[in-house]
Amino acid sequence: MLGLQAIEVNASDSRGKADSKIEKGVGGSTSNSIKELINNATLNYSDNRLKHPKAVLVMDEVDGMSAGDRGGVADLIASIKISKIPIICICNDRYSQKLKNLVNYCLMLNFRKPTKQQMGKRLMEIAKKEGIQAQENAMEELAERVHGDIRMALNHLQYMSLSQSVVKYDDIKERLNSSSKDEDISPFTAVDKLFGFNGGRLRMDERMDFGMSDPDLVPLIIQENYINYRPNTIGKDESGVKRMNALARAAESIADGDLVNVQIRRYRQWQLSQAACFASSIVPAALMHGNREILEAGERNFNRFGGWLGKYSTTNKNRRLLEDVHSHILASQQANLDRDALRLDYLTLILRELTDPLKKMSKDEAVQKVVEFMDTYSLSQEDFDTIVEVSKFKGHPSPMDGIQPAVKSALTKAYKQGSSSRVVRAADLINIPGMKKPLKKRVAAILEPVEESLPEENGLASAEDDEDGSSDAENNDELVPADSTPKLDLQSDKKKGIQVQLDLKSNGDGPRGKKAPAARSRATGSGGKAAAGGGSAGKRKR
């Protein structure tokens, strides 16, 4: 290899972080083979190059350097910086998070899976050297059926060479059918098979297997790419009417599959899974299978990933951020609105009040006005960014266009100066009118005791309380005084937002107990008297 001696270090070798000192990193318990190889003088240089060629270090499976190889990637980067010999790093997953820093110190060379023609020629050469007469189409069929796995192809050839010296196409097919193994089919492979030129020749059970290989992703990929295919079944179609008819039928079938999928997910009707697969995957592929073509200039001619997942994630994110804005506006008590009204009616007006002064007024005056408006509606800096972000539309200018950077900086600085006085957050709110449900987080609270006694409803209620017997007097410890009735105190300040606090305080000395009936609470709060009547009245009131 280029006159270099290849030295391989794979996952079975020690590749953890070595000691920072070379003399300790080369030998001892903290050593590893990488540090030893790049610091070995006989590998770096030799007077007699023909006798001792320069070495190249091959690091295999670097994306698997974890667990036992603690700190191995960082140490490998340090070794690359000081190494005098070339280092080749091989990985299976280029986008692994472990290689995030390593790729900055390497030249990326991507390798693709060999085609069946390339692999077939190589298998022909190997068979010829082993004394096996093989047909070219047989080797190409073998290469296609093993999906580029050269090791599996060699195993098949070795097994067949034990009983025969001539390998034909029929022999290969018989061998592969009798020794086939289960394989994991990716969603993209399944879609390629269904939409392929020979997709119409697949049996129904094969199509169902491809569609059910991933019943969630396969329909999404089909929905994303079916318009790019020109069906084989339409023949000549200069006007494009036949293709549009096939597209309409495929779109209708995808919509039917979506309705069935709703029944599956919402009502747990899992027995409809095959019906959903048939409507959302099998029928569109049967209508549109053929050659794929690009529809826009610069578009890559391969199946795209389903865009619905990304849009659904963005929708959930925007919904969560708008929920915070909605909670803060309700907390300000300046408006009582639901989430739909906020998005459809209020958001445009709020955006205008937040951005127009920054464009038309002087810096100091604009900043003061916007900050006061944000304080009035208890809007935070994150709410400001959310309102601007959800108001951006493709093909239209950004709401922040025309605002000078100095004005933006002044606004941020002015808002942060008073941020300590703003205590309203979505997690600090409880049971504000218009909220969908109370939030789980508990908040500190102030409960002011009721000073005045509650008025008696009528004289009859007072008389019944006086007739209460001594048996009821024993239950006084279980009663809750009227003065400890919880009261929610909402104090609003237009400049500092609103602070929602709740604190349970009790004026009585007795322990808190279960909630008592209203009449008995009034009797206890007015004087704590127990009547001399029998216990039957108390039982009747319970």
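Throughout, read-outs are computed from the coordinates displayed, never taken from laboratory work. Here the structure is a predicted model, which means the values were calculated and not measured. Please note: Cβ atoms are built from the backbone with ideal geometry, for glycine as well, and neighbour counts cover all protein chains shown.
General observations
- Of the chymotrypsin sites (Phe, Trp or Tyr not before Pro) in the stretch 271-328, the ones in a loop by DSSP (not H, G, I, E or B) with at most 13 other beta carbons within 10 Å are 302.
- Virtual spin-label span in nm between residue 313 and residue 251, 7 Å along Cα→Cβ: 2.8
- With the simple spin-label model, which puts each label point 7 Å out from Cα in the Cβ direction, the residue 295 to residue 268 separation comes to 3.9 nm.
- If the chain linking residue 205 and residue 237 were pulled fully straight, counting 0.36 nm for each residue of separation and taking away their Cα-Cα distance, it would gain 8.4 nm.
- Amide H to amide H distances under 5 Å link residue 134 with 167, where only residues 5 or more positions off or on other chains count and H is placed in the peptide plane.
- Gain on full stretching of the segment that runs from residue 320 to residue 275 - 0.36 nm per residue minus C-alpha separation: 12.8 nm
- The distance from the alpha carbon centre of the stretch 375-407 to that of the stretch 256-275 is 41 Å, rounded to a whole number.
- Qualifying chymotrypsin sites (Phe, Trp or Tyr not before Pro) in the stretch 340-395, where qualification requires a DSSP coil assignment and no more than 14 other C-beta atoms within 10 Å, comprise 393.
- In terms of distances greater than 22 angstrom between alpha carbons, the cross-link table entries 116/193; 363/416; 113/168; 360/413 yield 113/168.
- Cα centroid separation, the stretch 126-180 to the stretch 320-362: 70 Å.
- For the stretch 160-251, the list of GluC sites (Glu not before Pro) that fall in a loop by DSSP and count at most 10 other C-beta atoms within 10 angstrom reads 183, 238.
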